[in-house]
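Engineer: Take a look at this one; I'll ask things after.
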Amino acid sequence: MIYTLTMNPALDRALTVAELTPDDTARVTEETFYAAGKGIDVSRVIKELGGSSVALGLVGGYDGLHLEGLLLNAGVLSDFTPIGGETRTNILLREASSGRHFAISASGPQVTAAEIGALYEKLRGLREPEYLVMSGSLPRGVNVEFYGQVILAARARGAVTVVDADGDALRAAVTHAPCCIKPNIHELVRLAGRPLESEAEIVAAARELLAQGIGEVLVSRGRQGLLLCSPARVLKAVGPQIEAQSTVGAGDSVVAGFILARSRGLEPGECLRWAAAAGAGTAMTPGTELCHRQDVEKLLPQIVVSELTA
Ligand SMILES: Nc1ncnc2c1ncn2[C@@H]1O[C@H](COP(=O)(O)OP(=O)(O)OP(=O)(O)O)[C@@H](O)[C@H]1O
Ligand SMILES: [Mg+2]
């Protein structure tokens, strides 16, 4: 089974108003709620592409129940750990008259030591964990070393560990040699601590990470596609020129496509193809919307995968 872990999920509340005017009331004309958070995105895309996974993480309060219910109705399996604090709500506001978008992101609840302990016990007792994908930031109250501890626990159970995080949480996770990390170019630059302009510089930075025991470094570069660096070789995927609407969630979709293909036993080059098609599929959809299966299937044969020579 594929498990995803979202430590700081959110209930996204997307509102449309005709026009925003200071000191005046704007009436909401449309309102939609989404279950959000990077690991949850991965689970939602896996479901869209015909696979299944179990979403793990911390949820609390009425908004946490709402998030859980949205996933249930979407057919996404979950096994959340309850917390006393309230799951955060992000406001995504669209002004119809101008087409402008505003995103107001909340920091999320403070988590207690007992709640972290309960989640960790759940992780240690997972049934047949083949893949464990850790995505996104850690909430207040959780030490940056947490993903490292999760990697140790998952490895002890024989699971392939995947980390998609940024900053200190990623830096700490890397020291525990996860099987795979999926930095975007900005995250890789921060991890390397130096600018990375050319493809050769990116590959060199990825090789330094491989030397620390990481199995694979999957670098996402927006419209420039993906690089999959492993000790044996470097593969590259470039997609067709698409009309990108919003790339929010494209990286999460990459992780979903890659791990789903891997769980189906496909070759690394084909896994990379699925990753790139899912990422591009999400870039084609507006706002926070994720990819559609039909688009991904159409994109698959258009992705060019090649091997870089040293
Ligand atoms: N404009 C685009 N055209 C084609 N493919 C794209 C475009 N933007 C993104 N993609 C695909 O999606 C992948 C992931 O995008 P990106 O590098 O922006 O991820 P990210 O920054 O981690 O995103 P997020 O964290 O918001 O999910 C790219 O490597 C590429 O394969
Ligand atoms: Mg990302």
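Engineer: Output the residue which, of all residues in the range 177-190 that are surrounded by fewer than 20 Cβ atoms within 10 Å (Cβ to Cβ) and more than 11 Å from ligand 2 (Cβ to nearest atom), is farthest from VAL219 (Cα to Cα).
Structural biologist: ALA177
Engineer: May I pose another question? How many residues are in contact with an Asp or Glu (Cβ under 8 Å, 6 or more places away or on another chain) and within 30 Å of LEU152 (Cα to Cα) if we restrict to the range 83-133?
Structural biologist: Final tally of qualifying residues: 8.
Engineer: Separate question: Inspect all residues belonging to the range 187-209 and state whether any of them is near ligand 1 (Cβ under 8 Å from one of its atoms), touching a residue at least 12 places away in the same chain (Cβ under 8 Å) and under 26 Å from LYS47 (Cβ atoms).
Structural biologist: Of all residues in the range 187-209, those near ligand 1 (Cβ under 8 Å from one of its atoms) come to 187.
Cutting the leftovers down to touching a residue at least 12 places away in the same chain (Cβ under 8 Å) gives us 187.
This time we only want the ones that are under 26 Å from LYS47 (Cβ atoms), so: 187.
Yes, the conditions are met somewhere in the range 187-209.
Engineer: How about the range 234-259: which of its residues are under 27 Å from ARG207 (Cβ atoms) and in contact with an Asp or Glu (Cβ under 6 Å, 6 or more places away or on another chain)?
Structural biologist: Those that are under 27 Å from ARG207 (Cβ atoms) and in contact with an Asp or Glu (Cβ under 6 Å, 6 or more places away or on another chain): LEU235, ASP252, VAL255.
Engineer: Check LEU65 against each of (1) in contact (Cβ under 8 Å) with a residue 24 or more places away in the chain; (2) surrounded by 13 or more Cβ atoms within 10 Å (Cβ to Cβ); (3) part of a helix (DSSP H, G or I) and name the one condition it does not meet.
Structural biologist: Result: LEU65 passes all but (1).
Engineer: Among the residues of the range 162-193, which ones are in a loop (DSSP other than H, G, I, E, B) and not β-branched (Val, Ile, Thr)?
Structural biologist: Keep residues of the range 162-193 that are in a loop (DSSP other than H, G, I, E, B), which gives 165-166, 175-179, 182-183, 193.
Once the filter is applied, which keeps residues that are in a loop (DSSP other than H, G, I, E, B) and not β-branched (Val, Ile, Thr), the range 162-193 yields ALA165, ASP166, HIS176, ALA177, PRO178, CYS179, LYS182, PRO183, GLY193.
Engineer: While we're here: Take the residues in the range 194-205 that are surrounded by 18 or more Cβ atoms within 10 Å (Cβ to Cβ) and part of a helix (DSSP H, G or I), then tell me which one is farthest from ligand 2 (Cβ to nearest atom).
Structural biologist: Taking the range 194-205 and keeping what is surrounded by 18 or more Cβ atoms within 10 Å (Cβ to Cβ), we get 196, 202-203, 205.
Then keep just the ones that are part of a helix (DSSP H, G or I); that gives 202-203, 205.
Numbers: ILE202: 16, VAL203: 20, ALA205: 17 Å.
Here the residue is VAL203.
Engineer: Something else about it: Exactly one of (1) at negative phi; (2) at pLDDT 95 or above is unmet by GLY136. Its number?
Structural biologist: (1)
Engineer: Only residues that are part of a loop (DSSP other than H, G, I, E, B) and more than 11 Å from ligand 1 (Cβ to nearest atom): list them for the range 211-226, please. So that I can check it myself, show each step before the final result.
Structural biologist: Residues of the range 211-226 that are part of a loop (DSSP other than H, G, I, E, B), as a first pass: 212-215, 221, 225.
Across the range 211-226, the qualifying residues are GLN212, GLY213, ILE214, GLY215.
Engineer: If a residue must be in a strand (DSSP E or B) and surrounded by 21 or more Cβ atoms within 10 Å (Cβ to Cβ), how many such residues does the range 1-49 contain?
Structural biologist: 11
Engineer: Let me ask you something else. Take the range 293-308 and flag every residue that is of a type outside the set (A, V, I, L, M) and either assigned to a helix (DSSP H, G or I) or crowded, with 16+ Cβ neighbours inside 10 Å (or both). Spell out how you get there, then give the answer.
Structural biologist: Initially, the range 293-308 is screened for residues of a type outside the set (A, V, I, L, M), giving 293-295, 297-298, 301-302, 306-307.
ARG293, GLN294, ASP295, GLU297, LYS298, PRO301, GLN302, listed by residue number.
Engineer: Quickly run through the range 230-285 and pick out the residues that are near ligand 1 (Cβ under 10 Å from one of its atoms) and of a type in the set (Ser, Thr, Tyr).
Structural biologist: SER246, THR247, SER253, THR282 - these are the residues of the range 230-285 that are near ligand 1 (Cβ under 10 Å from one of its atoms) and of a type in the set (Ser, Thr, Tyr).
So that you can scan it fast, the table gives a plain yes or no per residue for (1) touching a strand residue (DSSP E or B) at 6+ places or on another chain (Cβ under 8 Å); (2) of a type in the set (Ser, Thr, Tyr); (3) within 26 Å of ARG155 (Cβ to Cβ):
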| position | (1), (2), (3) |
| --- | --- |
| GLU187 | no, no, yes |
| ALA206 | yes, no, yes |
| GLN212 | no, no, yes |
| GLN224 | yes, no, no |
| ILE242 | no, no, no |
| ARG264 | no, no, yes |
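Engineer: Within the set of pairs 6 or more residues apart or between chains, which connect a residue that is hydrophobic (A, V, I, L, M, F, W, C) inside the range 241-264 to a residue that is more than 7 Å from ligand 1 (Cβ to nearest atom) and modelled with pLDDT under 95 with Cβ atoms less than 8 Å apart?
Structural biologist: Cβ pairs passing all conditions: VAL248/GLY287; VAL248/THR288.
One line per residue, one yes/no per condition, for (1) within 16 Å of ligand 2 (Cβ to nearest atom); (2) in a strand (DSSP E or B); (3) modelled with pLDDT under 95:
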site: LEU209; (1), (2), (3): no, no, no
site: VAL248; (1), (2), (3): yes, no, yes
site: ASP252; (1), (2), (3): yes, no, no
site: GLY257; (1), (2), (3): yes, no, no
site: GLY265; (1), (2), (3): no, no, no
site: ALA275; (1), (2), (3): yes, no, no
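The values are calculated or read from the model by the stated rules, or taken from the named source; none is laboratory data. Given the structure is predicted, the values throughout are model-derived calculations rather than measurements. Please note: Cβ atoms are built from the backbone with ideal geometry, for glycine as well, and neighbour counts cover all protein chains shown.
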